[in-house]
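Here's the structure, in structure tokens; my notes come after.
Please treat every number below as a calculation from the coordinates, not as lab data. These figures come from a predicted structure and were not determined experimentally. Ideal geometry is used to build each Cβ from the backbone, glycine not excepted, and the neighbour counts take in all protein chains shown.
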Amino acid sequence: MKLLVTGSAGHLGEALVRTLRDMGHEVVSMDVTASSFTSQVGSITDRDRVRKCMQGMDAVIHSAALHKPHLVTHSRQSFIDNNISGTLVLLEEAVWAGVTSFILTSTTSVFGLAARPGPEAPAAWITEDVRPVPRNIYGLTKGAAEELCELFHRSHGLSCIILRTSRFFPEEDDDAAIRNAYEDANAKLNELLYRRVDLQDVVDAHVLALDKASAIGMGRYIISATTPFHFDDMSDLRVKAAGVVKRRVPRYEGFYGRRGWQMFPGLDRVYVNERARRELGWAPCYDFQTALELLASGADFRSPLARAVGSKGYHRERFGDYPYPVP
């Protein structure tokens, strides 16, 4: 296939270009930042450049975006220009060029306040049926980009698959309280239980989406590591997470104890990937239990692809002792 990949200088974009090229696909890769995996340097809001890049493409994977760490350094208008207007340009030019499939990398951040239940409520069981309640301009613009995809599917018959990915960045946590209280690997393993996914599994979901897009037509999927929790765990999980994890993954307690690690006191949501596994045939390999096994054997809990891509950061500078600007 001939594929256009946007955001090719980012974590996911680079991983996609690496993988798709290895699979034998012809890839045109686009980003505003030059990189070894970017063949066209330019903005997705530049219609002329997008039109040239779109010629002859079979499908588009749109992973370029402003993200949560940009909320302080970029204006709301910048988020609208990039995440909404840029997506619109890509969709319009995809239709004009006769592209058959469009894969949008979205985010579980679209759920916003729906994933933050009140203090007395159980943890939220988040499936694709939960109605998003945007918490900030990032979530709002990614949700709007999703709606644009659905509009173009209805209006033009463009097959669109939306992948709502949970966290996969390798950088330090953006919450100072988490950074100060937990080792980085400890915090990331905790997140694999409910709100994190390995980069390899994200790439695999995109490859499957390319294959299934024409048959599905239009679909939204949560892409997050498979959780060991059940819906009935949600009340206990909110206030005594360690006990629930011990019940579902008994060996975790001894492993954490030997390392001096701690489970978060309570978890506020669980992202459920069942629909993606069922409809896309997605089989994520890197979950909490697998991570424990890898670490116990002396290996890295991240996939080889995640380690190869490494850390990129979201800004060219540090802000004091913090990787992101503090509002």
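Modelled label positions at Arg116 and Ser39, each set 7 Å beyond Cα in the direction of Cβ, lie 4.2 nm from each other. Averaging 1/r across all pairs of distinct Cα atoms in region 2-309 and inverting the result yields a Kirkwood radius of 20.0 Å.
A helix-only calculation puts the chain at -11000 deg cm²/dmol for mean residue ellipticity at 222 nm, using -39500 (n - 2.57) for each DSSP H run of at least four residues, averaged over all residues.
Straightening the chain between Lys2 and Glu150 buys 51.0 nm, computed as 0.36 nm per residue apart minus the Cα-Cα spacing.
In this structure, Lys52 and Glu293 have a Cβ-Cβ separation that, at R0 = 45 Å, corresponds to a calculated FRET efficiency of about 0.40.
Relative contact order for region 41-125 using alpha-carbon pairs under 8 Å, separation at least 6, rounded to a whole percent? Relative contact order of region 41-125: 40 percent. The slack between Met23 and Glu128, meaning 0.36 nm per residue of separation minus the straight C-alpha distance, is 34.8 nm.
With each label modelled as a point 7 angstrom along the Cα→C-beta vector, the Asp211-Asn136 pair spans 3.6 nm. Working note: Karplus 6.51/-1.76/1.60 with θ = phi - 60° gives region 203-210 the couplings 4, 4, 5, 5, 5, 5, 4, 4 Hz, where Gly and Pro are set to x. Cα centroid separation, region 51-73 to region 132-148: 16 Å. Give, to the nearest whole percent, the P(r) tail of region 118-190 beyond 18 angstrom, counting all Cα pairs. The proportion of pairs with Cα distances above 18 Å equals 62 percent. Distances between placed amide hydrogens fall under 5 Å for Thr165 paired with Ser106, Thr107, Thr108, Ile223, all partners being 5 or more residues away or on another chain.
Sorting 243-255, 151-163 by their mean Cβ neighbour count within 10 Å, with the most densely packed peptide first, gives 151-163, 243-255. Each residue of region 247-263 was assigned a 3J(HN,Hα) from its phi angle through the Karplus expression (A = 6.51, B = -1.76, C = 1.60, θ = phi - 60°), giving 5, 8, 9, x, 6, 4, 4, x, 5, 5, x, 5, 9, x, 8, 9, 7 Hz with x at Gly and Pro. Using equal-weight Cα scatterers in the Debye expression, the normalised intensity of region 201-277 in log10 at q = 0.11, 0.15, 0.23, 0.26 Å⁻¹ is -0.42, -0.67, -1.03, -1.18. Computed from point charges on the beta carbon alone (+1 for Lys and Arg, -1 for Asp and Glu), the dipole magnitude for the chain about its Cα centre is near 220 Debye. Each peptide in 112-121, 9-18, 33-42, 206-215 gets a packing score, the mean of other Cβ atoms within 10 Å over its residues, and the list from highest to lowest is 9-18, 206-215, 33-42, 112-121. Residues whose amide H lies under 5 Å from that of Leu3, counting only those 5 or more places away or on a different chain, are Glu26, Val27, Val28, Asp58; hydrogens are built 1.01 Å from N in the peptide plane.
Computed from backbone phi, the HN-Hα couplings of region 46-61 come to 8, 4, 4, 5, 4, 4, 5, 5, 7, 4, x, 6, 8, 8, 10, 10 Hz, rounded to whole numbers (Karplus: 6.51 cos²θ - 1.76 cosθ + 1.60, θ = phi - 60°; Gly and Pro given as x).
Legend: distances between Cα atoms for Lys68/Lys312; Lys142/Lys246; Lys68/Lys240; Lys142/Lys312; Lys142/Lys212; pairs beyond 25 Å are Lys142/Lys246; Lys68/Lys240. Projecting the Cα positions of Ser235, Trp125, Leu199 onto the charge dipole of the chain (unit charges on Cβ atoms of Lys, Arg, Asp and Glu, taken about the Cα centre) puts Ser235 furthest along the positive direction.
Full extension of the chain between His74 and Asp184 yields a length gain of 36.9 nm, computed as 0.36 nm times the residue separation minus the alpha carbon distance. The distance separating the Cα centre of region 216-272 from that of region 1-30 comes to 32 Å.
Ranked by the mean number of other Cβ atoms within 10 Å of their residues, highest first, the peptides 45-54, 68-77 come out as 45-54, 68-77. Note down the relative contact order for the chain as a percent, whole number, built from C-alpha pairs under 8 angstrom at least six residues apart. This gives 18 percent for the chain.
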